[in-house]
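Before any comments, here is the structure.
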Amino acid sequence: MKKPQIAGTVPEDRLPVQEVFGPVPQGEGPYTGRCACFIRLGRCNLHCPPCDSKRTWDVSRYDLAVTCPPRTAQEIVESAEEHGAESGITVITGGEPLLWQGKPAWRQVLTALPGDIHMETNGTILPNAFTAERVTHFSVSPKIGRMGAGDPAKRRIRPEVLGGFAELARAGRAAFKFVVADTGEVEEAAQLVRESRIPHDKVWIMPLGADDATWTAVGRGIVEQVMGRGFNFSGRLHLTLGVR
Ligand code: SF4
């Protein structure tokens with residue numbers, strides 16, 4: 001598989017946007033059900049085989065210039081406002097959105113968006129001071145088990161970064177989400193939680209499944225162990241409701 005171009009041809013005053021959509025209920029984690037607008041940015045530094053957002057990075061299947069065209073900060077903010085940013089939270093996701101935090105357009109977008117901004121990240125890059133201050137909540141999803149099978153551990157598990165996010169979690173500003181396929185992967189998550197000193201009540205375990213039936217089958221197999229470990233259990237409300 002070809003590696004994705006991280007910065008490539010995106011001008012400084014633009015960010016690559018795969019989609020802006022909403023208002024929809026946030027489907028996962030501690031803010032499940034919150035009215036949300038989603039901004040999905042292109043490119044990722046990982047290659048998770050079960051990724052449901054391959055249009056953001058998989059150059060072996062997609063032309064990223066087409067799937068993630070560069071858009072100005074003004075275009076992105078206007079689009080977000082048309083899709084519910086003013087009435088709920090705005091979730092910036094990807095891909096890996098923190099790849100772009102050095103760009104002027106990033107600062108412009110985060111400054112101009114109304115209300116609370118949440119960010120979904122794979123936990124390999126720490127937010128800079130501006131991002132950490134502007135973002136209300138980080139949803140951190142380190143890749144383990146089947147999710148992590150596309151990259152070596154040293155690329156997807158960065159202890160110093162996870163330690164930084166664990167500190168944000170202790171301050172009530174981040175939560176961790178592990179997507180797991182079986183009980184062995186729950187144990188892998190538990191080990192990382194221990195090593196990174198992540199508070200248990202800030203951990204959500206989400207069954208791997210791209211449809212309701214698979215999610216339910218995997219969930220039934222792990223729920224007892226997840227509760228026994230003192231973790232939280234995450235649904236995928238958008239699958240259940242059949243919305244984005
Ligand atoms: S980190 Fe997220 S966006 Fe990137 S490949 Fe993995 S699942 Fe997909």
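The values are calculated or read from the model by the stated rules, or taken from the named source; none is laboratory data. All figures in this text were calculated on a predicted structure; none of them were measured in a lab. Don't worry about glycine lacking a Cβ; one is built from the backbone with ideal geometry, like all the others, and counts go over all protein chains shown. Side chains are part of the model used for accessible areas, which takes the heavy atoms of the whole protein and leaves out ligands, DNA and RNA. Shrake-Rupley method; radii C 1.70, N 1.55, O 1.52, S 1.80 Å.
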- Task: Calculate, for Leu237 and Glu187, the FRET efficiency according to 1/(1 + (r/R0)^6) with r their C-beta to C-beta distance and R0 30 Å; round to the nearest 0.05.
- Result: 0.70
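Find how much the distance from Cys35 to Arg220 grows on full extension, using 0.36 nm per residue of separation minus their present alpha carbon separation; answer in nm with one decimal. Walk me through the intermediate numbers first.
Details: separation 185, 0.36 × 185 = 66.60 nm, distance 2.76 nm.
Contour length minus Cα-Cα distance gives 63.8 nm.
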- Query: How would Leu241, Leu110 rank on accessible area, largest to smallest, probe 1.4 Å?
  - Reply: Leu241, Leu110
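Note down the magnitude of the dipole of region 14-241 about its Cα centre, charges +1 on Lys and Arg C-beta and -1 on Asp and Glu C-beta and zero elsewhere, to the nearest 20 debye. Show your work: numbers first, answer last.
Values: 26 positive and 26 negative charges, 117 e Å.
Using only the charged Cβ atoms, the result is roughly 560 debye.
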- Taking Cα atoms, the helix 183-195 axis meets the longest principal axis of the chain at an angle in degrees (rounded to 10) of 70 degrees
- Taking the Cα atoms of the chain, what is the range of coordinates along each of the three principal axes, in descending order and whole Å? 47, 40, 36
- Query: For the Cα atoms of the chain, what angle does the longest principal axis make with the long axis of helix 212-228, in degrees from 0 to 90, nearest 10?
  - Reply: 60 degrees
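Return a single number: how many Lys pairs in the chain, at a sequence separation of 8 or more or on separate chains, have alpha-carbon atoms below 14 angstrom apart.
5
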- Taking Cα atoms only, helix 73-82 is inclined relative to the longest principal axis of the chain by an angle, in degrees rounded to 10, of 60 degrees
- Among Ser79, Ser87, what's the order by accessible area (1.4 angstrom probe), most exposed first? Ser87, Ser79
- Task: Would you be so kind as to identify which of Pro207, Gln74, Leu113 lies farthest towards the positive end of the dipole of the chain, taking Lys and Arg as +1 and Asp and Glu as -1 on Cβ and the Cα centre as origin?
- Result: Pro207
- Task: Would you kindly enumerate the cysteines in the chain that have no other Cys beta-carbon under 4.7 Å from their beta-carbon?
- Result: Cys35, Cys37, Cys44, Cys68
- Task: Could you work out the local net charge near Asp211, counting Lys and Arg as +1, Asp and Glu as -1, over the other residues with Cβ closer than 14 Å to its Cβ?
- Result: -1
- So how much accessible area does Met227 have, in Å² to the nearest 10, using a 1.4 Å probe? 100 Å²
